Amino acid sequence: MPRAGIVTVVGKPNVGKSTLLNRIVGQKLSITSPKPQSTRDRVVGIYTADDSQMVILDTPGLLNPGYLLQQAMRSTALRALDEADVIVYLADATEGRPPSLAEAAELAVPPRAPVITVLNKSDAIPVSRRDEAGAGEELVYVSALTGDGIPELMARIAGNLPESPFLYPEDDISTQPVRFFAAELVRETVLEQLHDEVPYAVAVQVEEFREDRSPLYIRAVIYVERDSQKAIIIGSKGAQIRSIGEAARKKIEAFLGARVYLDLWVKVLANWRKNPGSLSRFGYQLATGKSK
């Protein structure tokens, strides 16, 4: 009997959740950045091999929310825990043994799904240090960057999946539309090219996507919270927005395997990170009052 189910990857910000998803799926779906909190919403990747199918949810980092967007991010992670058939609790191997998932996520009760505790960045510590995290404990060491330990982790995940027919066609790699990934690649480019507070104030929305043209036409709007941020993104004589557009276009072309005309615009939407209506417009879901 085949096995299939939802595998939720959770952990604190910047422990490598997105890199792990990309490594397992074998294609870049989640954007990556040294900046924490780069993942704001769930990213779905599908890995199918032999007699198992993993629907992998990359989630925002577990944090204590300081404003409404962060509350939505935390809510997204907690909902993904509720949906999971298997939970991969990812932590940083360089920081030693992590607290339990219930402690890290401040859960009132432990999750119902089996939890695999995974220490990432094993390439950054000597083998001798693994014993410090607890000899004989059920810990899996991996390096999402190099691939070390990934086959062992995949076997552990597959063994914990419920018996089930495949949930999606075998050649699917995600359930999310191309528009979502195009917007995320633009946002990743902003994270790469700009610093300080500006990247965190950015949201990207694809407003037009025409596949009937060659090159394929994408019009995307970069939203910021203040006029000063808009000026930074546009740059002197438009130099910065051109640089962002060129780099993002190349990423989207690589992702789609097709030529793209990327038409970028910048607009101000004041304090959107703290506005429920604006967050809803960008697809973020706030907590419904249900607590764990």
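The values are calculated or read from the model by the stated rules, or taken from the named source; none is laboratory data. Everything quoted here is computed from the prediction, not taken from an experiment. Heads up, the Cβs are rebuilt from the backbone with ideal geometry, glycines too, and the neighbour counts pull from every protein chain shown.
Could you tell me whether residue 222 is among the hydrophobic types (A, V, I, L, M, F, W, C), closer than 30 Å to residue 68 by Cβ, free of Cβ contacts under 8 Å to residues at least 40 places away in the same chain and in contact with a helix residue (DSSP H, G or I) (Cβ under 8 Å, 6 or more places away or on another chain)? It is false that residue 222 is among the hydrophobic types (A, V, I, L, M, F, W, C), closer than 30 Å to residue 68 by Cβ, free of Cβ contacts under 8 Å to residues at least 40 places away in the same chain and in contact with a helix residue (DSSP H, G or I) (Cβ under 8 Å, 6 or more places away or on another chain). Within the stretch 1-38, the set of residues being among the polar types (S, T, N, Q) and within 17 Å of residue 95 (Cβ to Cβ) comprises 14, 19. Listed by position, the helices (runs of 4 or more DSSP H) enclosed by the stretch 1-115 that each have at least 2 residues that are within 20 Å of residue 155 (Cβ to Cβ) are 17-25. Report yes if residue 143 is crowded, with 16+ Cβ neighbours inside 10 Å and under 19 Å from residue 80 (Cα atoms), otherwise no. So residue 143 does not fit the description; no. Restricting attention to the stretch 248-263 and to residues that are crowded, with 18+ Cβ neighbours inside 10 Å and either in a helix (DSSP H, G or I) or of a type in the set (Ser, Thr, Tyr) (or both), the residue that is farthest from the chain's Cα centre (by Cα) turns out to be 249. When residue 266 is tested against the conditions (1) at pLDDT below 95; (2) of a type in the set (Val, Ile, Thr); (3) in contact with a strand residue (DSSP E or B) (Cβ under 6 Å, 6 or more places away or on another chain), the lone failure is (1). Of all the criteria given as (1) touching a residue at least 12 places away in the same chain (Cβ under 8 Å); (2) under 19 Å from residue 213 (Cα atoms); (3) not aromatic (Phe, Trp, Tyr), the one not satisfied by residue 267 is (2).
Has the stretch 174-192 got any residue that is more than 30 Å from residue 247 (Cα to Cα) and either buried (at least 20 other Cβ atoms within 10 Å of the Cβ) or of a type in the set (D, E, K, R) (or both)? Looking for residues that are more than 30 Å from residue 247 (Cα to Cα) and either buried (at least 20 other Cβ atoms within 10 Å of the Cβ) or of a type in the set (D, E, K, R) (or both), one finds none in the stretch 174-192, hence no.
Taken over the stretch 185-214, the criterion of being in contact with a strand residue (DSSP E or B) (Cβ under 8 Å, 6 or more places away or on another chain) and within 25 Å of residue 227 (Cβ to Cβ) is satisfied by 186, 187, 190, 198, 201, 202, 203, 204, 205, 206, 207, 208.
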